[in-house]
1. Only sites in a loop by DSSP and with at most 16 other Cβ atoms within 10 Å count here; which GluC sites (Glu not before Pro) in the stretch 22-107 make the cut?
2. Under the Karplus relation 6.51 cos²θ - 1.76 cosθ + 1.60, θ = phi - 60°, what is the ordered set of whole-Hz ³J(HN,Hα) values for the stretch 17-31, x standing for Gly and Pro?
3. Would you mind pulling out the separation of the Cα centroids of the stretch 192-239 and the stretch 54-82, in Å?
4. Can you give the local net charge around Arg41? Use residues other than it whose beta-carbon is closer than 11 angstrom to its beta-carbon, Lys and Arg +1, Asp and Glu -1.
5. Amide H to amide H, which residues 5 or more places from Ile261 or on other chains are under 5 Å from it, using H placed in the peptide plane?
6. Count neighbours as other Cβ atoms within 10 Å of each site's Cβ, and list the GluC sites (Glu not before Pro) in the stretch 189-251 that are DSSP loop with at most 11 such neighbours.
7. Tally Lys and Arg at +1 and Asp and Glu at -1 over the other residues with C-beta under 11 Å from the C-beta of Thr184: what net charge comes out?
8. Explain nothing, just the number: relative contact order of the chain, from Cα pairs under 8 Å at least 6 residues apart, as a whole percent.
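Please treat every number below as a calculation from the coordinates, not as lab data. All figures in this text were calculated on a predicted structure; none of them were measured in a lab. A quick note on method: Cβ atoms are made from the backbone with ideal geometry, for glycine too, and the neighbour counts reach across all protein chains shown.
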Amino acid sequence: MEHMADFRAWPKAELHLHLEGSVKPETLQELDPSVSLEAIRSMYHFTDFQGFLHTFKCLVERLRTPGDYAHITRRLLEHLTAENVRYAEITLSAGVVLWKKQEFAPIYAAVRQAAAGFPIEVYWILDAVRHFGPEHARQVAELSAARVGDGVVAFGIGGDEERGPAQWFGDVYRFARSAGLRLTAHAGETAGPASVWAALAIGAERIGHGIRAIEDPDLLRHLRDDNIPLEICITSNVMTGAVPSLEAHPLRRLYDAGVPITLATDDPGIFAVTLSGEYDMAARHFGFSEPELRGIAENALRYGFKSGTTIPSTPSRSRP
């Protein structure tokens, strides 16, 4: 199997990538040199999903100006360029911006400008915090709808599945679809298959994570037959405790069941992970062959909401 440096050379796409979660401790210190690197690294330590959400909250509270958002965007795009990522759909937590009572328009303008000039086709997914409720999500959907044609390609929900069930957001998703937005949702990460079914019922076209689908054979068949992809983030799932161990991760079983999958990093700054590293992990720990991984790499463009890039590689070996 190829070395990780070879995976880095592959042209790739990222579909599940949070701007705020891309911030490395070193980058956060660049924004506030008065805070020690040791203190920041301590803040990045957690042992479960709720601890991860707390880390994410502490991180975003330190993003205070449009300039801060522009800076982290440039650092992320530098990283993606080094990883040979050609196409990226970056999730910006507009819901958190609203929660912080910041003005969204200058922040979005700053990240759009910061991403320009890099050799990557970049689009944005605006994300609502599902456990903040449907009215909050409606505000994010309206911000998204106002920017269709200005880089925003989709609307989604993230956060705590248990405290913010997808059933709350049917009207919001209908509004977003009518505005020309594509639809995604985090589901089946820490909650069971019912969470995935509920996300599909309100119109989600892709599922962020979705690993708990492995518990429901009917759901696996539905995902396979309706060609609905899961955005799999191996390291994230292990570090947040969504799976008890790397060995327990259902990646291989999902693939063997014929479910379309992509590989992604989720929050690469928090998890200290690269997309090349995720491919390397799939090869070393789950026995994926080079043709299988090339097929998975092609999936990331095939299921992109506005893919305009063509990756030159072998035809997809993804299972039907």
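1. In loop regions of the stretch 22-107 (DSSP not H, G, I, E or B), the sparsely surrounded GluC sites (Glu not before Pro) are Glu61, Glu103.
2. For the stretch 17-31, the Karplus curve yields 8, 8, 4, 5, x, 7, 6, 7, x, 5, 5, 5, 5, 4, 6 Hz.
3. 28 Å
4. Taking every other residue near Arg41 into account, the sum is -1.
5. Leu230
6. Those that pass, being in a loop and sparsely packed, are Glu247.
7. Counting the neighbours of Thr184, the net charge comes to -2.
8. So the answer I get is 20 percent.
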